[in-house]
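Have a look at the structure below, then the notes.
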Amino acid sequence: MGRSGPRRMIAIVLSLVITAVTVWLMYIAFVDSADTPQTTYQAMSDNAQLAQDVYTIIFILAGAVMAGVIALTLAFSFIYRERPGQQALQIHGNSKLELLWTLLPVLIVAAMAVPTFNAIAVITGDAPEDSLEVKAVGYQWWFQFQYPELGVVTASDLHLPVDRPILVKLESKDVIHSFWVPQLSGKVDMVPGHTNQLWFTPNTVGEFMGQCAEFCGLSHANMRFRVFVHTQEDFDAWVQSQLAEAATPEEGLAAAGAQQFTMSGCIGCHTVRGNALAMGVIGPELTHFGSRTRLAGGMVENTEVELRRWLKNPPAMKPGSIMPNLNLTDEQIDSLVAYLYSLQ
Amino acid sequence: MATAVGSLSQPEDRSKIWEWMTTVDHKKIAALYGVTGFTFFLFAGIQALLIRTQLAVPNGTVLDADLYNQLFTTHALTMIFLAIMPLGASFFNYFIPLQIGARDVAFPRLNALGYWTFLVGGVMLTSSFFLGGAPDGGWFAYAPLTSTEYAPGKNLDFYTVSLLILGISSLMGALNFAVTIINMRAPGMLMMRLPVYMWMTLVVAFLLILSLPIITVALIQLYFDRNFSTHFFSPEAGGDPILWQHIFWLFGHPEVYVLILPSMGIVSEVLPVMSRKPLFGYSAIVFAGAAIGVLGFAVWAHHMFTTGLGTVPLIVFSASTMAIGVPTGIKIFNWLGTMWGGNIRFTTATYFAVSFIALFTIGGISGVMHASPAVDGQHQDSYFVVAHLHYVLFGGAIMGIFAGIFYWFPKMTGRFLDERMGKFTFWALFVGQNLTFFPMHFLGLAGMPRRIYTYDEGLGWETWNLVATGGSYIIALGVLVFLINFFKTMRQAPTAGDNPWDGGTLEWATSSPPPEHNFDVVPEVRDRDPLWYNRDHGIAAAPKPEHLHIHLPPPSYIPLVVAMGVALLGIGALSHIGVSVLGVAVIVYGVWAWALEPTE
Ligand SMILES: [Cu+2]
Ligand SMILES: [Cu+2]
């Protein structure tokens, strides 16, 4: 009989070994994936940590349930595989067992719910009084960042001070986008006609990856941003540099570029504070474009090569780009590049 | 020979095609649903392969952003509405009358109309690829990305019109199935003696009856927004895009159970028969299924945890979602309880059914994980959710459907599918899907968002994306072998006999394939597993009567006419109002002829 004796032991051991190996492999892959640049499991802010602690509890419970069911499925498959002479038990159920496995999920779910509700109350609660407010606005397909208290406006690079609560107000100019910097905060959507918010206190200086997490059209994949968390001094210095108006270059290629910027109609879509003509609000503000690390909604690094590629034909680089192909000649691009990089 | 009266009243020389076009036999309609659904399944599979090929390596160049967005949208729409739902409808059609001991469904012509309307909707949705572009706003079609301002083409009109038509089709089917199960049971077939598969079918029917009207309203609103300048969902004119999300998911979440409950029902049939023992905890499984159906209407906002719902709604919807884990857990344990102490025959159907338990559990438990809004802030719209939903829909729904195909194929055709090829298919699907979908958990953990047509290198996403793509090709291989198996089997002689697996439910009491009238004598039901009861109590099957006077409804071409009217109505909604008017005229004529058609 397969239901007793050594065969049964072998079946149980085998099931446990297969389950253990599976779970172990998953664990290795889990740890490995948690150590990647855009990881969701290396919190660097208070609220992200709070959520991650809940995640840890839930992950362990979920893993245990999964392992249990896999082991049981395997064991029963081995033990009760048909064998000559073996008879199936003719039973319709067992009230005690059934009560047990009604209570088990109840307990597991309760163990997930309690820490969840605690964390949610904090994370979605009011931000502390002394928070620094940042307004993040979604555009197809780039992020604009405004600092209402500081008078700074920028795009694609978000600069923050460490250890100070940050209140991010979320808006959208067109369709729904979602603000997501996994290491600093879970995502919250940017919905046109609504103002959402989230808050967190970054606790580590460093550079963090962000990306739009709500499908928003053709270049949804290319809507990214970076968050730079600085010491307070570095942050203050950055703010000072951003407050300065751009000087219009007087001579050289950059001066020609400044003129080209007007002639090619760039001024209609872009603002450059200090250039009285450039007051457009359709594209990103370019006053300090040269000091940004990323280009085209965080799609690529802000280098001369990429900038040339962008100016040559934006939609070819970024599908659907609202900035049209302006058919610029190479000379015009030379001068524009010189001008744009003078905007430090 | 038993000959049904109905089939005699038609000319003998009618052509085969005409026979299929006018059939009202639930088994033939089931075959139509099955073949059409499987064809769309292959089509959606090819879409998936293209998607995976594009994502195999960073900065892939196989597809451009536009085509990618069309493909991921139609992959979902096709799998949900044109593959899994009709494959479910195929089994419902075939086995409702057989399992409850009836001669047909309650409304045979409505049944035919349901199929033809489904075909119209399916062809219309798919034709969009060749008529200017397929829907590209995701199957959830979030406003305002779907407004004419951001989606000026016809893509989303194809979405609204074909989904409306498909909704009508499903609604007709659901009403028909519910009425049939409630009213046409054989003598002695009490509700609590219904096979679990019938219970799950009944729950699905009610889910559809209650949820389809909701999406119908939403689709009409969207159609009006796009074509008649209303502003239900446009924020700049006082509408609200979040409203769309509420309405969509109020339908969308029950829809998930529409996809998975039938497979839960199939597994609840296969496991006891193959284990040679009754289902463990019948009542618990039935009530758990009903509880899932009811709770399914109270959890929709878990798809909206990141939209800024506020603390209290988050907690309420989190709690209701986690609560669904309880009945789901009960089901899983009862399936395991069914295996426990059995003498299990490991046929291909058993492999699929057993793997369903483990795979569905993985999908279920990851679902409970993001029932926590704290965790969902990281999971939502990331590949973790893609992994979750595919464990539920592939590991769950599709594996269940394959279990059903291998289990019932002898009944439907009189032939066994080849077991060796069947097991190859099983292992290819099992290994392939775990390679494809399990790594997506890791991708989600590494912060990869969904619905992106490209990604950069250096984010730690390369390896798992490549593995996932490899896995998808293994799945394709398994499906290919299944097709070969099917065509090879259909050439062989029918040797299966009435009850090859020694099943206990009524479908096994008749011949394989069953005659047009299903049962020579409608069986009397004394137990949940009537055939086992009769076997164990030495009750012989009723003798075959000498003369059969069984009235079956005659074939009718009128459902086809009405469906053509629906098609014209839809085409008009996409082109010119005149065509719609013509369509309405055809429908009115069809319904009038329907009412007056003689049923003798
Ligand atoms: Cu986006
Ligand atoms: Cu849901």
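Points worth noting:
- Look at the stretch B:23-34: where a residue is of a type in the set (D, E) and a partner is open to solvent by less than 20 Å² (accessible area, probe 1.4 Å) and not in a helix (DSSP H, G or I), sitting 6+ places away or on another chain with Cβ atoms under 8 Å, you get B:D25/B:D104; B:D25/B:L552.
- Some residue of the stretch A:289-297 being exposed (fewer than 13 other Cβ atoms within 10 Å of the Cβ), more than 16 Å from ligand 1 (Cβ to nearest atom) and under 30 Å from A:D163 (Cα atoms): no
- Candidate set from the stretch A:225-237 (those that are open to solvent by 30 Å² or more (accessible area, probe 1.4 Å) and farther than 15 Å from A:L184 by Cα); member that is nearest to ligand 1 (Cβ to nearest atom): A:D234
- Residue identified as in a helix (DSSP H, G or I), within 14 Å of chain A (Cβ to nearest Cβ) and in contact (Cβ under 8 Å) with a residue 12 or more places away in the chain among B:L443, B:L459: B:L443
- B:I332 closer than 21 Å to A:A62 by Cβ, open to solvent by 10 Å² or more (accessible area, probe 1.4 Å) and within 22 Å of the chain's Cα centre (by Cα): yes
- Selection status of A:Q183, touching a residue at least 60 places away in the same chain (Cβ under 8 Å), more than 16 Å from ligand 1 (Cβ to nearest atom) and either under 25 Å from B:G138 (Cβ atoms) or facing chain B (nearest Cβ under 10 Å) (or both): yes
- The single condition among (1) under 25 Å from the mean Cα position of the chain (by Cα); (2) within 14 Å of chain A (Cβ to nearest Cβ) that B:M448 does not meet is (1).
- The lone exception for B:V24 - which of (1) assigned to a helix (DSSP H, G or I); (2) surrounded by 19 or more Cβ atoms within 10 Å (Cβ to Cβ) it fails: (1)
- Residue selection: B:G188 fails the criterion of being in contact (Cβ under 8 Å) with a residue 60 or more places away in the chain, under 15 Å from the mean Cα position of the chain (by Cα) and open to solvent by less than 50 Å² (accessible area, probe 1.4 Å).
- Residue check for A:A111: in the same structural domain as A:Y27 (by TED's automatic domain parsing) and free of Cβ contacts under 8 Å to residues at least 60 places away in the same chain: yes
- Residue that is within 14 Å of chain B (Cβ to nearest Cβ) and not acidic (D, E), where the choices are A:R273, A:R226: A:R226
- Qualifying residues in the stretch A:310-331 (those that are more than 14 Å from chain B (Cβ to nearest Cβ) and free of Cβ contacts under 8 Å to residues at least 12 places away in the same chain) - the one nearest to the chain's Cα centre (by Cα): A:P324
- Test: residue in the stretch A:90-98 that is among the basic types (K, R) and open to solvent by less than 60 Å² (accessible area, probe 1.4 Å): no
- Condition met for A:I79 (closer than 30 Å to A:G5 by Cα, crowded, with 21+ Cβ neighbours inside 10 Å and over 41 Å from the mean Cα position of the chain (by Cα)): yes
- Members of the stretch A:250-270 that are within 16 Å of A:G290 (Cβ to Cβ) and surrounded by fewer than 18 Cβ atoms within 10 Å (Cβ to Cβ): A:G252, A:L253, A:A255
- On inspection, A:G210 passes the criterion of being within 13 Å of ligand 1 (Cβ to nearest atom) and under 13 Å from the mean Cα position of the chain (by Cα).
- Residues located in the stretch A:167-180, provided they are more than 9 Å from chain B (Cβ to nearest Cβ) and surrounded by fewer than 24 Cβ atoms within 10 Å (Cβ to Cβ): A:L167, A:K169, A:E171, A:K173
- Screening B:G265, B:G281 for residues that are on the phi > 0 side of the Ramachandran plot and buried (at least 22 other Cβ atoms within 10 Å of the Cβ) leaves exactly one candidate, B:G281.
- Exactly one residue out of B:F402, B:F409, B:F416, B:F426 is touching a residue at least 24 places away in the same chain (Cβ under 8 Å), open to solvent by 20 Å² or more (accessible area, probe 1.4 Å) and either out of contact with any Lys or Arg (no Cβ under 9 Å at 6 or more places or on another chain) or more than 10 Å from chain A (Cβ to nearest Cβ) (or both), and it is B:F416.
- So B:L309, is it assigned to a loop (DSSP other than H, G, I, E, B), within 16 Å of ligand 2 (Cβ to nearest atom), within 11 Å of chain A (Cβ to nearest Cβ) and more than 29 Å from B:F177 (Cα to Cα): yes
- Top-ranked residue in the stretch A:187-198 [being at the interface with another protein chain (Cβ under 7 Å from one of its Cβ atoms) and among the β-branched types (V, I, T); ranked as most open to solvent (accessible area, probe 1.4 Å)]: A:V188
- Criterion (facing chain A (nearest Cβ under 9 Å) and away from ligand 1 (no atom under 16 Å from the Cβ)) met by exactly one of B:P235, B:P241: B:P235
- Note on the stretch B:148-185: among residues that are polar (S, T, N, Q) and more than 21 Å from B:L250 (Cα to Cα), the one that is farthest from the chain's Cα centre (by Cα) is B:T148.
- The requirement of being open to solvent by less than 10 Å² (accessible area, probe 1.4 Å), aliphatic (A, V, I, L, M) and either free of Cβ contacts under 8 Å to residues at least 40 places away in the same chain or in a helix (DSSP H, G or I) (or both) is not satisfied by B:V256.
- When the test is whether a residue is more than 7 Å from every other protein chain (Cβ to nearest Cβ), of a type in the set (G, A, S), open to solvent by less than 10 Å² (accessible area, probe 1.4 Å) and in contact with a helix residue (DSSP H, G or I) (Cβ under 9 Å, 6 or more places away or on another chain), A:A62 does not pass it.
- Selection within the stretch A:199-222 - of a type outside the set (D, E) and more than 9 Å from chain B (Cβ to nearest Cβ): A:W199, A:F200, A:T201, A:P202, A:N203, A:T204, A:V205, A:G206, A:F208, A:G210
- Taken together, the criteria place B:M124 among residues that are touching a residue at least 40 places away in the same chain (Cβ under 8 Å), assigned to a helix (DSSP H, G or I) and under 20 Å from B:Q47 (Cα atoms).
The values are calculated or read from the model by the stated rules, or taken from the named source; none is laboratory data. Predicted model only: the values in this text are computed from it and were never measured. Methodologically, a virtual Cβ is constructed for each residue, glycine included, from the backbone with ideal geometry; neighbour enumeration extends over all protein chains shown. Side chains included, ligands, DNA and RNA excluded: accessible areas come from the protein's heavy atoms. Shrake-Rupley method; radii C 1.70, N 1.55, O 1.52, S 1.80 Å.
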